[in-house]
Amino acid sequence: MRTALLQSSGRPGSTVENLKVLDEAAGRAAAAGAGLLAAPEMFLTGYAIGDDIGRLAEPADGDSADAIADIAGRHGLAIAYGYPERHAGTVYNSAQLISADGTRLANYRKTHLFGCFEREHFAPGEQPVVQAELNGLRVGLMICYDVEFPENVRAHALAGTDLLVVPTAQMHPFQFVAESMIPVRAFENQMYVAYVNRVGREGEFEFVGLTTLAGPDGVARGRAGRGAELVLADVDPVLLAASREANPYLKDRRPGLYGPLV
């Protein structure tokens, strides 16, 4: 499945403008044959927007979800995106996957909040593994800091995730995560990992770009620079199956030894 990763910060504070950016990117991705377009963490509203997070937060089935379902349907591809989710009076840092026919396939709430900013504005999610079937692949969702915990990604591997989509807001000076950690996560868990970042300065944060799609062999199939960019790369189920057959990590685990870790 050709996968398009939208490295962009859109226009922080404007849901309307960010939907326009997403629509334009979906058109380019579809023209290139992509079956999935993924956008960064909090793409719908912007990340460093302070109290506007609460003002702009929407339910998972809100107006913006409907608008993105329309974009997905018009362009004929699935879309994963980050947004602030309001549910029962609580705001979560969430990511949602919508299919090419407009169906909401999966909604994930970030489980590991990073720093004082996120802890001030969001509640943590409690469900570590969220998946959906898409074009013959089992797609999992995770957000930014979550992928830096090896237990999280291993849980997805044990649950059969083929492609882990990680909308992120990775900031300076932690670019080693995109450069080094993401390919290692893909290799040690025998999956594809799509890590799609924001870019440029936003409030107090400087986002480093470096959006990456890494394969189960630890090789980056696509990698962005530091500017706005649409990265295209393929997720190959044949290569994935062969890699899993050749790599013994998951088969050679000894879970009985790991109890003290938790």
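The values are calculated or read from the model by the stated rules, or taken from the named source; none is laboratory data. Remember, predicted model here, so these are calculated numbers, not experimental data. All Cβ positions, even for glycine, are placed from backbone atoms using ideal geometry, and neighbour counts span all protein chains on display. Note: accessible area is taken over every heavy atom of the protein model, side chains too, but ligands, DNA and RNA are not part of it. Shrake-Rupley method; radii C 1.70, N 1.55, O 1.52, S 1.80 Å.
Of the residues making up the range 224-262, those that are open to solvent by 70 Å² or more (accessible area, probe 1.4 Å), under 30 Å from Ser9 (Cβ atoms) and either free of Cβ contacts under 8 Å to residues at least 40 places away in the same chain or not in a strand (DSSP E or B) (or both) are Arg226, Ala228.
Scanning the range 1-23 for residues that are over 18 Å from Leu36 (Cβ atoms) and in contact with a strand residue (DSSP E or B) (Cβ under 7 Å, 6 or more places away or on another chain), we see that the one that is surrounded by the fewest Cβ atoms within 10 Å (Cβ to Cβ) is Pro12. The listed residues are Glu126, Glu120, and the only one of them that is assigned to a loop (DSSP other than H, G, I, E, B), on the phi < 0 side of the Ramachandran plot, free of Cβ contacts under 8 Å to residues at least 24 places away in the same chain and open to solvent by 10 Å² or more (accessible area, probe 1.4 Å) turns out to be Glu126.
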